[in-house]
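Just below is one structure, and these are the notes that go with it.
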Amino acid sequence: MFRSTAAFAAALCFAVGAPDAHAATETAPESLRTALQDAWRRHPSHRAVQAQLTAAQARLDAAGKPLYNPEIELAHSGEGSDRTRSAGLALALDVGGKRLARQDAAAAQLALSEAEARLRRRDFARRWFNAWIDWNAAERRVKTGEQRVASMTRFADLAVKQFDADDVSGLDRDVAALARDEAEAAQSVLVAERADAESRLRALGGEPGSGGGSTALPASPPPASPLDDASLRDLPEWRIADSARAAAERDVTVARRDRVPDPTVRLSGGRVEYGATHMKDDVFGVSISIPVFVRNDYRAEVAAARAQADASVAEAERVRLELEAERRRAVDSYAGTLAAWQRWQSSRGTEIERRSQLLERSWREGELSTSDYLLQIKQTLDTALAGVELEARLWRSYADYLVAGNRFEDWIGLETAR
């Protein structure tokens, strides 16, 4: 017969022996954490994130190198019978601190890349968990649907027997057959939905059945609690906005330092041979050249960098406002869904197996007409399916709540899946 979702959850809670719901959900079950970590390491996004971080680190290493390489100059000239040969070395000097400024800018870009990589990891884990929850719920709906088909098939067979015994009319027999056909059609929809959910999970590197199946999660997550401001500043979205702001400020410094002209020092030495007298003289020279920023003083680059920095400050403020609004939504949504789930668990109307047996007995004894029986059994089965969807929505909203409080990565085991 029909297994009550609430009864199943209660049995699960007893089986795992968890006296405290909060303790049971400090971290996700180990099987679920392992499944996610394996999926992340296999997914192309993992390689993309690692390559992104490698590139940012390489750019930081490059920015720490000297800006200019020395130049070797070789010259040979002749005028009549005189010959001059010389060799020189030229080197531009970074007198404005461009190297240090660019190194600081690259370090800020590395911090930005690390924040973006963390966001990609967390969003992957969030999508994977939601896909796993959806597949889990779809699998349970299919099982409930199988019970519905079995019940309607048995009901249709009983109706035929009772019609043969002149206990029900031909109309009741036909209605029972239609109910069976309707259950089979509805079951095909549930199977298709499970296939869709399975496809979404596989696209994220997951395997249906990984994570321990429907018994992996505790009976209920803990109640919602207020989220502190410190967790807001630790969110990857905030870190990205703040790192982008810092990087833009460093770019302003780079643009300003680029306006400082760098001199080039040249040292040369050689020998002059006078053909007429066969005399030789050694020559030595030192020169310094400084570019003059007359045609282009590079003020526009500084103005552009300054405007970009102002835009990044405004963008950081926008991100902060959106994150605060999202935190309120996540807490309120989770609290409301948890309250609905707790009411659903405590309602006697959700005792699916007991109601199904009572309805069938009442129909057999003639206390319920066929149409009344079908109506009430449909309501009972719809309640079972609604309970599965409500529990899935509960865990999705719990994941959103953990994300808003910057606790999802620890809960799902993402910190160890680098």
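One residue alone among A186, A159 is over 30 Å from A39 (Cα atoms), in contact (Cβ under 8 Å) with a residue 24 or more places away in the chain, in contact with a Lys or Arg (Cβ under 8 Å, 6 or more places away or on another chain) and surrounded by fewer than 19 Cβ atoms within 10 Å (Cβ to Cβ), and that residue is A186. Entry remark, region 249-272: residues being farther than 30 Å from A314 by Cα, touching a Gly at 6+ places or on another chain (Cβ under 9 Å) and not aliphatic (A, V, I, L, M) number 6 in total. Across region 109-137, the number of residues qualifying as small (G, A, S) and under 16 Å from L402 (Cα atoms) comes to 1.
Reported count of residues in region 250-302, each being in a strand (DSSP E or B) and of a type outside the set (K, R), is 19.
Among the residues of region 85-94, is there at least one that is part of a loop (DSSP other than H, G, I, E, B), in contact (Cβ under 8 Å) with a residue 24 or more places away in the chain and more than 25 Å from the chain's Cα centre (by Cα)? Yes, region 85-94 has at least one match. Does E139 satisfy the condition of being in contact with a Lys or Arg (Cβ under 9 Å, 6 or more places away or on another chain), within 30 Å of A58 (Cα to Cα) and among the acidic types (D, E)? The answer is no for E139. From the set of residues in region 162-180 that are surrounded by 12 or more Cβ atoms within 10 Å (Cβ to Cβ) and among the charged types (D, E, K, R), which is farthest from the chain's Cα centre (by Cα)? Ranking the qualifying residues of region 162-180, first place goes to D167. Would it be correct to say that S210 is in a loop (DSSP other than H, G, I, E, B), among the hydroxyl-bearing types (S, T, Y) and either crowded, with 18+ Cβ neighbours inside 10 Å or at pLDDT 90 or above (or both)? Considered against the rule, which asks whether it is in a loop (DSSP other than H, G, I, E, B), among the hydroxyl-bearing types (S, T, Y) and either crowded, with 18+ Cβ neighbours inside 10 Å or at pLDDT 90 or above (or both), S210 comes out as yes. Of the candidates A399, A386, the single residue that is in a helix (DSSP H, G or I), within 24 Å of A339 (Cβ to Cβ), hydrophobic (A, V, I, L, M, F, W, C) and within 18 Å of the chain's Cα centre (by Cα) is A399.
Restricted to region 266-284, and to residues there that are among the aliphatic types (A, V, I, L, M) and touching a strand residue (DSSP E or B) at 6+ places or on another chain (Cβ under 7 Å), the residue that is nearest to L89 (Cα to Cα) is L267.
Comparison of R407, R393 shows that the only residue that is surrounded by fewer than 22 Cβ atoms within 10 Å (Cβ to Cβ), within 15 Å of the chain's Cα centre (by Cα) and closer than 28 Å to D38 by Cβ is R407.
If you go through region 54-70 and keep only what is farther than 26 Å from A255 by Cβ and either acidic (D, E) or at pLDDT 95 or above (or both), you end up with just T54.
The values are calculated or read from the model by the stated rules, or taken from the named source; none is laboratory data. This one's a predicted model, so the numbers in the text were calculated from it and none came from an experiment. A quick note on method: Cβ atoms are made from the backbone with ideal geometry, for glycine too, and the neighbour counts reach across all protein chains shown.
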